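Nothing in this text is a laboratory measurement; each read-out follows from the coordinates by a stated rule. This one's a predicted model, so the numbers in the text were calculated from it and none came from an experiment. Here the Cβ positions follow ideal geometry from the backbone for every residue, glycine too, while neighbour counts run over all protein chains shown.
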Ligand SMILES: NC(=O)c1ccc[n+]([C@@H]2O[C@H](COP(=O)([O-])OP(=O)(O)OC[C@H]3O[C@@H](n4cnc5c(N)ncnc54)[C@H](OP(=O)(O)O)[C@@H]3O)[C@@H](O)[C@H]2O)c1
């Protein structure tokens with residue numbers, strides 16, 4: 001995949017977990033740096049991060065690990081959720097926030113800057129956010145700009161009202177509502193980044209209804225867990241394997257609109273496992289069954305993130 005002046009494989013690196021001991025199992029700065037360096041060694045060239053990830057530590061770790069490889073990697077960061085844990089979407093704060101990200105990332109530019117789950121008013125183009133990001137692009141601080149969003153309604157609004165060329169979207173086997181808008185994404189040459197590709201871990205097959213969830217995953221109700229557990233069992237039977245990872249990532253990669261998938265990666269084993277999807281092509285009959293599973297069980301009763 002080539003976008004702007006950078007090339008990358010279609011599996012990238014989700015950086016939310018880097019140094020993030022609040023929401024995930026603890027990771028030291030040193031382990032984070034080693035994980036990022038290993039990923040570059042294995043060919044990963046696309047990195048997703050945000051100021052709000054691990055109070056700025058995700059960007060800091062990427063900066064330390066990537067400083068000798070800056071020109072060969074694509075770094076996407078965000079605006080709206082700050083390193084100090086506060087939320088600030090004020091247009092007048094964008095440039096200062098980008099400069100703080102650049103300091104942590106030890107670089108002079110972001111390959112892309114996206115708004116981190118902005119409000120519907122912003123997505124409908126009722127504010128000056130996109131004009132301001134265009135100005136920062138002309139100034140050379142960022143090379144591309146866009147949004148990170150979750151739903152069909154949000155994607156529809158962005159496509160109808162903005163000129164952005166980067167969209168980070170929640171899309172996976174359990175969350176397929178945006179497929180009807182993919183043709184438009186292809187038509188406009190938008191960089192489509194897929195977040196939460198493993199449904200926060202469920203689509204690896206490692207969880208079931210008896211798993212005790214902590215950290216960021218304690219958000220699920222008993223009903224959410226029960227439904228996901230049933231769906232996961234059905235997927236295992238469908239593909240004939242208990243490790244669902246390559247099938248789940250293969251499903252996403254089977255859509256031409258998808259530029260890059262960014263599984264949240266916490267260990268070197270997870271990294272190598274996720275990269276195996278690059279050498280796997282999901283057969284059409286499994287893709288059709290996964291779409292049917294969504295149509296039958298989820299479409300009219302969506303699972304919460
Ligand atoms: N609003 C936003 O813009 C937004 C929101 C969410 C995510 N993101 C971005 O998207 C990335 C991915 O989303 P996500 O991390 O929420 O969800 P995800 O990629 O669906 O799931 C990540 C989790 O799956 C597990 N995992 C990953 N690879 C595995 C493997 N090969 N085998 C077993 N387990 C594996 C890890 O669980 P353990 O922790 O148990 O090891 C990891 O924490 C994030 O890192 C972030 O960069 C952006």
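Axis angle, to the nearest 10 degrees, between helix 129-139 and the longest C-alpha principal axis of the chain: 60 degrees.
So what is Rg over Rh here for the stretch 15-113, counting just Cα atoms and using Kirkwood for Rh?
Details: Rg = 12.8 Å, Rh = 13.4 Å.
Rounded to two decimals, Rg/Rh equals 0.96.
Label the stretch 77-193 by shape, choosing from rounded, prolate and oblate, from the square roots a ≥ b ≥ c of the eigenvalues of the Cα gyration tensor; if a/c is under 1.5 it is rounded, and otherwise prolate applies when a/b is larger than b/c, oblate when it is not. Prolate, because a/c is 1.5 or more and a/b exceeds b/c.
Taking 1 over the mean of 1/r across every pair of different Cα atoms in the stretch 195-305, what Kirkwood radius in Å do you get?
Working: mean 1/r = 0.0682 Å⁻¹.
This gives a value of 14.7 Å.
The stretch 97-137 to the stretch 203-228: how many Å between their Cα centroids? Centre-to-centre (Cα) distance: 33 Å. Helix 29-41 and the longest principal axis of the Cα set of the chain meet at an angle near 80°. Looking at the chain, I'd like the Rg to Rh ratio, where Rg is from alpha-carbon atoms and Rh is Kirkwood's inverse mean 1/r. We get a ratio of 0.94 for the chain.
Convex hull volume of the Cα atoms of the stretch 254-305, normalised per residue: 120 Å³.
Note the per residue figure in Å³ for the convex hull of the C-alpha positions in the stretch 182-228. Spell out each step's value before the answer.
On the way: hull volume 5.2 nm³, N = 47.
Measuring per residue, one finds 110 Å³ for the Cα hull of the stretch 182-228.
Going by neighbour counts of Cβ atoms within 10 Å, the residues 91, 239 line up, fewest first, as 91, 239. For the stretch 110-152, the alpha carbon convex hull comes to 63 Å³ per residue, rounded to a whole number. The angle between the Cα long axis of helix 284-297 and the longest principal axis of the Cα atoms of the chain comes to about 90 degrees, rounded to the nearest 10.
Taking neighbour counts of Cβ atoms within 10 Å as a proxy for exposure, in what order, fewest first, do 182, 46, 213, 74 appear?
Working: 182 18, 46 27, 213 14, 74 24.
In order of increasing Cβ crowding within 10 Å: 213, 182, 74, 46.
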